[in-house]
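Asks: Can you keep this structure in mind? I'll have questions shortly.
Nothing in this text is a laboratory measurement; each read-out follows from the coordinates by a stated rule. Quick caveat, the model's predicted, so the values are computed rather than measured. Reconstructed Cβ throughout: ideal geometry from the backbone, glycine too, with neighbour counts over all protein chains shown.
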Protein chains: 2
Amino acid sequence: MPEFSIGVDLGGTNLRAAAIDRAGKMITKVRRTTVLTKGPDSVVSDIAAGIREVQRKVKDHSLVGVGIGSAGFMDMEKGVIRGSPNLPIFEDYPIRDEVSRRLGLPVILENDANAAALGEKWMGAGKNYDDLVLLTLGTGIGGGIIVKGKILHGFVGMAAEVGHITVDPSGNPCGCGNNGCLEKHASATAVVCMAKLMGLGEVSAEDVYHLAKQGDEKAREVWRHMGKHLGVGLAALANIFNCPLYLLSGGLLPAWDYFTPAMFEELKRRSFIFRSTPSRVEKALLGSEAGLYGAAYLPFQEQG
Amino acid sequence: MPEFSIGVDLGGTNLRAAAIDRAGKMITKVRRTTVLTKGPDSVVSDIAAGIREVQRKVKDHSLVGVGIGSAGFMDMEKGVIRGSPNLPIFEDYPIRDEVSRRLGLPVILENDANAAALGEKWMGAGKNYDDLVLLTLGTGIGGGIIVKGKILHGFVGMAAEVGHITVDPSGNPCGCGNNGCLEKHASATAVVCMAKLMGLGEVSAEDVYHLAKQGDEKAREVWRHMGKHLGVGLAALANIFNCPLYLLSGGLLPAWDYFTPAMFEELKRRSFIFRSTPSRVEKALLGSEAGLYGAAYLPFQEQG
């Protein structure tokens, strides 16, 4: 009987669960609401119900296991989500073991950006690559790093915090205690702030993209500035990892044409490793499904 | 019969070769001159002679293989040293296979800073750690990164160029084409330049250390400045790797007391990952022998 696994993307307002077979084909997908105010036990029931719903829809396949991706730092040993701004109710709650116990299935917990990087490696833009770095350009900047086909975790699961690399030692302040963090200069939030500072008013990052498209010089300058700082951060990663592939995903991707010229200029100048090896920066391909693919791949990868 | 391997440290003027047993005990060590002007074939003969000399001194042990550490980028696939400022004669020369052919022994080639990191992991300050980053603070700044017990190579062996991480986007120019590289602000060369700019004249990094020790405020400011920039670079590494251990080695180590206060201040402020996990920065223990240990460990590691 062919095998499948279930990938779950657990967010603060929604959870998605997908059945994916060993060849990477998505068989089915469901979405449910997560009501955090009901407490962790209730949310775990929702997760279990979502997984069972997916399971019921899949015929003639045997289930290998479940992978759950979520924002926050994963205590891999204890199976606990820590420091997640969206899921504070799970701090110190044994979520992995609770889901596993209710379903009678092995469960693997993973950070969502790490899962997205693994998903892109498995079925997306990183197919056939064993080493890559993914940057998610959204409200903040997250990252996932794949080394020899596996997620880089660090010793307590907090690796790949690429959004907090210092790209300007005298740059904007960050809630993490640092200033000049990459995500304070190259995230959607940073784009919105820069637009405001440039006199473009209260606009969204999408607005700034449309303005740039219409030829607005101020909006274009915002993207150039964002791209330049992204290039500084990517150069650090390129000097450290010498990866063949760096992937960008997230809400800022549509503005690719406006931020990448400055990004590449800075990256090439600041990393001779990047410019002297056939490394590339490309768009991720799986969008918001990358995390589902990556989470589903975890049980297959563990099985070998 | 107990096993041993031979580690070679190949430099521009000297080569050292050491026999080390599986338990990490150095049995014997030799040093020879390398005369690059005689050409690569002649230097390979010197290497082979050095290895044979070590081999003859070891009784009742069977030889597992040879590891060679050298400055430059290792083309791991072809066994070629590229871009080494000290060993330009080996560019495109099949050094690994030539040494292997002459000795009838398996040979592994490795970058010297990578070998040093592996040596520290095996028998030095990184014993019992599976993940660490080593920075060598010398004329330049080199680095070696160990992930899950193994050297991080990148896809063409150029990973861990930590000396070229940008720590100040508007900082000093670097021969690599960038400006503000870590090694332009925190190497011995940078210390010498800063001392000159501070009006201390033509002094060595060692002189600046002694001046600081004698209470010279200008010299102390130089070390503070160096430490601050080193902290920025280490923070990037800590945010990316979340390693338990970061090791410093090289000629600047004696000035530890003068540069580490500013370094730790900057590192803690710029990496919440570092300050919220039990990560440490420590002195490497094996000094210039780290590379020999690491090179010798390579054949054991490959053997499993």
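Asks: Hey, can you grab everything whose amide H is under 5 Å from the amide H of residue A:156? Only 5+ residues off in sequence or another chain; H modelled, so Pro and N-termini drop out.
Replies: Distant-sequence amide H within range of residue A:156: zero hits.
Asks: Restricting the count to DSSP beta bridges whose residues both fall in the protein assembly as shown, what percent are antiparallel, rounded to a multiple of 5?
Replies: Numbers: 54 of 96 bridges.
Rounded to the nearest five, the antiparallel share is 55 percent.
Asks: If the label for residue A:253 sits 7 angstrom from Cα along the Cα-to-Cβ line, what are its distances to the same label in every other copy, in nm to one decimal, shortest first?
Replies: Result for residue A:253, in nm, nearest copy first: 4.7.
Asks: Just to be sure I follow: if Rg is taken over the C-alpha atoms of the range A:224-293 and Rh is the Kirkwood radius over the same atoms, what is Rg/Rh?
Replies: On the way: Rg = 12.2 Å, Rh = 12.4 Å.
Taking Rh as the inverse mean 1/r over Cα pairs, Rg/Rh reads 0.99.
Asks: Something else now. Given the range A:57-138 reduced to its alpha-carbon atoms as identical point scatterers, what log10 I(q)/I(0) does the Debye formula return at q = 0.13, 0.15, 0.16, 0.27 Å⁻¹?
Replies: Calculated log10 I(q)/I(0) at the listed q: -0.51, -0.66, -0.74, -1.20.
Asks: Taking amide H positions as placed in the peptide plane 1.01 Å from N, state which residues far from residue A:249 in sequence (5 or more) or on other chains have amide H under 5 Å from it.
Replies: A:135, A:136, A:137, A:284
Asks: For chain B, with a Gaussian network of springs between Cα atoms less than 10 Å apart, report the residue from B:249, B:100, B:70 with the top mean-square fluctuation.
Replies: Answer for the Gaussian network model of chain B: B:100.
Asks: Measuring from a point 7 Å out along Cα→Cβ, what nm distances, shortest first, does residue B:62 have to its partners in the other copies?
Replies: Copy-to-copy label distances at residue B:62, shortest first: 4.1 nm.
Asks: Would you tally the net charge around residue A:292, using a Cβ to Cβ cut-off of less than 9 Å, leaving residue A:292 out, and scoring K and R as +1, D and E as -1? Please report the intermediate quantities before stating the final value.
Replies: On the way: positive: A:16, A:29; negative: A:9, A:289.
Net local charge, residue A:292 excluded: 0.
Asks: Could you list log10 I(q)/I(0) for chain A at q = 0.11, 0.14, 0.16 Å⁻¹, which the Debye formula gives when each Cα is one point scatterer?
Replies: -0.67, -1.03, -1.25
Asks: Would you kindly give the portion of the calculated P(r) for the range B:1-100 that falls above 16 Å, as a percent of all Cα pairs? Kindly include the intermediate steps, with their values, before the conclusion.
Replies: Numbers: 2670 of 4950 pairs.
Everything past 16 Å amounts to 54 percent.
Asks: OK, next. Using θ = phi - 60° and the Karplus form 6.51 cos²θ - 1.76 cosθ + 1.60, what ³J(HN,Hα) does each residue of the range A:293-304 get, whole Hz, x for Gly and Pro?
Replies: Going residue by residue, I get 4, x, 4, 5, 6, 3, x, 5, 5, 5, 5, x Hz, with x marking Gly and Pro.
Asks: Mind jotting down the three principal axis lengths of the range A:176-270 based on Cα atoms? Whole angstrom, largest first.
Replies: Taking the Cα atoms of the range A:176-270, the three principal extents are 39, 32, 22 Å.
Asks: Something else now. List the residues, sorted by chain then number, that are 5 or more residues from residue A:87 or on another chain and whose placed amide H is less than 5 Å from its amide H.
Replies: Those lying under 5 Å, H to H, from residue A:87: there are none.
Asks: Which is the longest stretch in chain B that no exposed loop site breaks, taking sites as GluC sites (Glu not before Pro) with a DSSP loop state and at most 12 other Cβ atoms within 10 Å? Could you put the intermediate results ahead of the total?
Replies: Details: sites that count: B:77, B:202.
Within chain B, the longest run free of exposed GluC sites (Glu not before Pro) spans B:78-201.
Asks: Run through the DSSP bridge list for the range A:129-285 and note the antiparallel percent, rounded to the nearest 5. Each step should come with its number before you reach the end.
Replies: Working: 10 of 19 bridges.
If I count the DSSP bridges inside the range A:129-285, around 55 percent turn out antiparallel.
Asks: Suppose you put the label 7 Å out from Cα in the Cβ direction; list, shortest first and in nm with one decimal, how far residue B:104 is from each other copy's label.
Replies: Label point to label point, same position, other copies: 6.3 nm.
Asks: Still on this structure: Working from the pairwise distances between different alpha carbons, so that the mean of 1/r is found and then inverted, what is the range B:216-258's Kirkwood radius in Å?
Replies: On the way: mean 1/r = 0.0861 Å⁻¹.
So the Kirkwood estimate lands at 11.6 Å.
Asks: Take the alpha carbon atoms of the range A:41-104, find their center, do the same for the range B:250-300, and report the distance between the two centers in whole angstrom.
Replies: Each part reduced to its Cα centre gives a spacing of 38 Å.
Asks: Hey, in the GNM for chain A with a 10 angstrom Cα cutoff, which one of A:106, A:85, A:94 fluctuates hardest?
Replies: A:85
Asks: Convex hull over the alpha-carbon atoms of the protein assembly as shown: what's its volume per residue in Å³? Walk me through the intermediate numbers first.
Replies: Details: hull volume 102.8 nm³, N = 608.
Convex hull volume per residue, Cα atoms: 169 Å³.
Asks: On to the next question. Which value at 222 nm does chain B reach when only helices count, each DSSP H run of 4 or more adding -39,500 (n - 2.57), with the total divided by all residues and rounded to the nearest 500 deg cm²/dmol? The partial results should precede the final answer.
Replies: Working: 10 runs with 121 residues, N = 304.
The per-residue figure over chain B is -12500 deg cm²/dmol.
Asks: Same structure, new question: Within the range B:36-118, list the trypsin sites (Lys or Arg not before Pro) lying in a DSSP loop whose Cβ has at most 10 other Cβ atoms in a 10 Å radius. Let's see the in-between values first.
Replies: On the way: sites: B:38, B:52, B:56, B:57, B:59, B:78, B:82, B:96, B:101, B:102; in loops: B:59, B:78.
Loop-located and lightly packed - B:59.
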